[in-house]
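To start, the structure itself, in structure tokens.
The values are calculated or read from the model by the stated rules, or taken from the named source; none is laboratory data. Because the structure is predicted, anything quoted here is derived from the model rather than measured. Here Cβ is always computed from backbone atoms with ideal geometry, including for glycine, and neighbour counts include all displayed protein chains.
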Amino acid sequence: MDFRGASADAFAAVSTELSSVAGGGAEAARVADDLFTVSRLMRAERQLRRIATDVSVPTAAKQGLVREIFASKVADGSMKVLETAVARRWTAPRDLADALERLSEIAVVTSAEDASRLSDEVFAVAEIVRSNPDLRDALADPSRNPDDKVRLVDGLLEGKVSAATITLVKQAVLGSYRTIAVALQAYRVVAAEVHGRSVATVRVAQPLGEDDRSRLTAALSAQYDRPVHLDVLVDPSVIGGLRVEIGHDVVDGTVAGRLDEARRQLAG
């Protein structure tokens, strides 16, 4: 979710409000649930979305509308975020719903007790979904009841990962992202950014030892001048070496990559 123009300024303002009301733990988790629910309603109710973003409607009237609809249903902190959101100017009406969904993701991350654990778990779930086509299809099936999908997530993950991870996976299933894989990748980035880090995906033929992991983390952190969280993917097809993806940067030091390059040079 990239916001531009007025929506970028609006998102920054509402993010500041979120920081002031969602300190962490259960409070942030409640705000996350509230904002995600409201974002889904905004998408479903075109008239509500239109009025909430209409610059010709006085701010007080828009805030009064959201209070009337949501005040008895959401936490006080969530209400403050919503009032700030409808007071701002948005480039497109859909940006408001997108912003509330992104803010809910940030609140989930804020609620987690262990940010590194959350990142690792989201990455692990993404790999489970990627490697299990039947599960991926079941979670993505548009004809399947949303409550059924939520029960499937609970049955798969309850007792095995943190509550924050389960919440994010449910949002991946029910939210607006094109695919579950895209959603989970976005959550990894959000989790890193909330804590001032970058996330690097490392592909290797064999698991990295702790010493190798520590050295690579230190080297990447020094190169990018900020802490880096590693997600390590064991992929025998790389044969040897490693491939690092961090943001838009890709460093391919794998044997498979060098062989591909040699083939291209020979073919040319």
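Observations on the model:
- Residue in the stretch 14-22 that is assigned to a loop (DSSP other than H, G, I, E, B), surrounded by fewer than 17 Cβ atoms within 10 Å (Cβ to Cβ) and not polar (S, T, N, Q) present: no
- Residues that are hydroxyl-bearing (Ser, Thr, Tyr), under 21 Å from LEU233 (Cα atoms) and free of Cβ contacts under 8 Å to residues at least 24 places away in the same chain occur in the stretch 131-146; there is at least one.
- Verdict on ARG88 being basic (Lys, Arg) and touching a Phe, Trp or Tyr at 6+ places or on another chain (Cβ under 9 Å): yes
- Hey, PHE36 touching a Lys or Arg at 6+ places or on another chain (Cβ under 8 Å) and at pLDDT 95 or above or not: no
- Count of residues meeting criterion [out of contact with any helix residue (DSSP H, G or I) (no Cβ under 6 Å at 6 or more places or on another chain) and in a strand (DSSP E or B)] in the stretch 190-212: 3
- Number of positions in the stretch 101-155 that are under 14 Å from PHE36 (Cβ atoms) and of a type in the set (S, T, N, Q): 3
- Matching residues, the stretch 9-18, being under 15 Å from GLU101 (Cα atoms) and either without any contact (Cβ under 8 Å) to a residue 60 or more places away in the chain or not assigned by TED's automatic domain parsing to the domain that holds LEU35 (or both): ALA12
- Complete set of residues in the stretch 1-56 that are under 25 Å from THR167 (Cβ atoms) and among the β-branched types (Val, Ile, Thr): VAL14, THR16, VAL21, VAL31, THR37, VAL38
- Scanning the stretch 53-70 turns up no residue that is within 23 Å of ALA172 (Cα to Cα) and either in the same structural domain as GLY175 (by TED's automatic domain parsing) or among the hydrophobic types (A, V, I, L, M, F, W, C) (or both).
- Residue match in the stretch 52-71 (condition: within 25 Å of SER198 (Cα to Cα), of a type in the set (Lys, Arg) and in a helix (DSSP H, G or I)): no
Residue-by-condition table, conditions (1) closer than 23 Å to VAL199 by Cβ; (2) at pLDDT below 95; (3) β-branched (Val, Ile, Thr); (4) surrounded by fewer than 14 Cβ atoms within 10 Å (Cβ to Cβ):
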residue: ALA126; (1), (2), (3), (4): yes, yes, no, no
residue: PRO133; (1), (2), (3), (4): no, yes, no, yes
residue: SER143; (1), (2), (3), (4): no, yes, no, yes
residue: VAL153; (1), (2), (3), (4): yes, no, yes, no
residue: LYS170; (1), (2), (3), (4): yes, no, no, no
residue: SER176; (1), (2), (3), (4): yes, yes, no, no
residue: ALA183; (1), (2), (3), (4): yes, no, no, no
residue: ALA186; (1), (2), (3), (4): yes, yes, no, no
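- Residue within the stretch 27-36 that is within 17 Å of the chain's Cα centre (by Cα), closer than 17 Å to PRO93 by Cα and aliphatic (A, V, I, L, M) present: yes
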